[in-house]
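The values are calculated or read from the model by the stated rules, or taken from the named source; none is laboratory data. Treat the numbers as computed from the prediction; the structure is a model and nothing was measured. Note: ideal-geometry Cβ built from the backbone for every residue, glycine included; neighbour counts use all protein chains shown.
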Amino acid sequence: MPRQRLMSELDWTALLAPAGTEREMLRHYQLSAVDLDLVRSKRTNATRLRFALLLLYCRYSGRVLGPDKVPPTQVVVFVARQLGVAATVFGAGAHRDETRRQHLAELMSLLDLQRFIGQAMRDFTSRLMPAAQIDPQPKRLTLIAIDDLRQGRVMLPPAGVLEIVLGRARRHAERISEEAMTSQLSAEQRDALDRLLRRRPTDRLTTLSWLKHPA
């Protein structure tokens, strides 16, 4: 049986999208003097623009710009304008795999970024469980999770991986809450609760479902 999705593909796309409005770009994609010095150390205009976009994507939205991914036109134009180069140079030639890997390694070290593996994943799951106990609603919990990863300088994993971890945190939170509510109940009280979930012989509804119906 396929795993039930917490959110639709459209929801994930919206949550993980790069900054798109002028206000968002000014907030997240403005290059500092230090950034500009680093970017201008690269050899060609095309390499500088690609490096700048890699840098800004790693910083926000906390994801690596894929080798075949083209950022929104307005983002490319906004960054190119800061560098004083034409936005069209982004598509001039290919970003060689070796160069791209070197740039990513440089940025991971420079920005002190972690990958979402091992201890970073375990720590994140532990931090997320209290939030899942308070508000397990998928979209709000996802927003909390994404903000936590960005604040912690952990690269965002693919949506499918993040959804699995979110589901796991919600299940753990449910078990903790259930244990907290039922640990002090007597055997008779537990049996009374169980009876609420048994089907009634008359209409095949559980007693709990029957009680939910209007009088």
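Test residue 148 against the stated conditions and say whether it is surrounded by fewer than 13 Cβ atoms within 10 Å (Cβ to Cβ), at pLDDT 80 or above and assigned to a helix (DSSP H, G or I). Taking the combined requirement at face value, the residue does not satisfy it. Figure legend. Inter-residue proximity from segment 104-119: first residues within 14 Å of residue 153 (Cβ to Cβ), second residues of a type outside the set (A, V, I, L, M, F, W, C), beta-carbon distance below 6 Å, spacing 6+ or different chains. Indicated pairs: 112/153; 113/153; 116/157.
Are any of the residues in segment 20-36 farther than 21 Å from residue 110 by Cα, assigned to a loop (DSSP other than H, G, I, E, B) and out of contact with any Asp or Glu (no Cβ under 6 Å at 6 or more places or on another chain)? Yes, segment 20-36 has at least one match.
Can you tell me which residue is surrounded by the fewest Cβ atoms within 10 Å (Cβ to Cβ) among those in segment 182-206 that are assigned to a helix (DSSP H, G or I) and under 40 Å from the mean Cα position of the chain (by Cα)? The selected residue is 194.
Going by what's in this entry, would residue 143 be described as surrounded by fewer than 16 Cβ atoms within 10 Å (Cβ to Cβ) and either in contact with a Leu (Cβ under 9 Å, 6 or more places away or on another chain) or of a type in the set (S, T, N, Q) (or both)? Taking the combined requirement at face value, the residue satisfies it. Taken together, the criteria exclude residue 156 from residues that are in contact with an Asp or Glu (Cβ under 7 Å, 6 or more places away or on another chain) and either without any contact (Cβ under 8 Å) to a residue 24 or more places away in the chain or not assigned by TED's automatic domain parsing to the domain that holds residue 66 (or both).
Of all residues in segment 45-90, those being without any contact (Cβ under 8 Å) to a residue 40 or more places away in the chain and either of a type in the set (Asp, Glu) or more than 30 Å from residue 161 (Cβ to Cβ) (or both) number 8. Looking only at residues in segment 60-102 that are more than 17 Å from residue 23 (Cα to Cα), of a type in the set (Val, Ile, Thr) and surrounded by 17 or more Cβ atoms within 10 Å (Cβ to Cβ), the one that is modelled with the lowest pLDDT is 64. If you go through segment 103-133 and keep only what is assigned to a helix (DSSP H, G or I) and exposed (fewer than 12 other Cβ atoms within 10 Å of the Cβ), you end up with 105, 109, 118, 119, 122, 126, 130.
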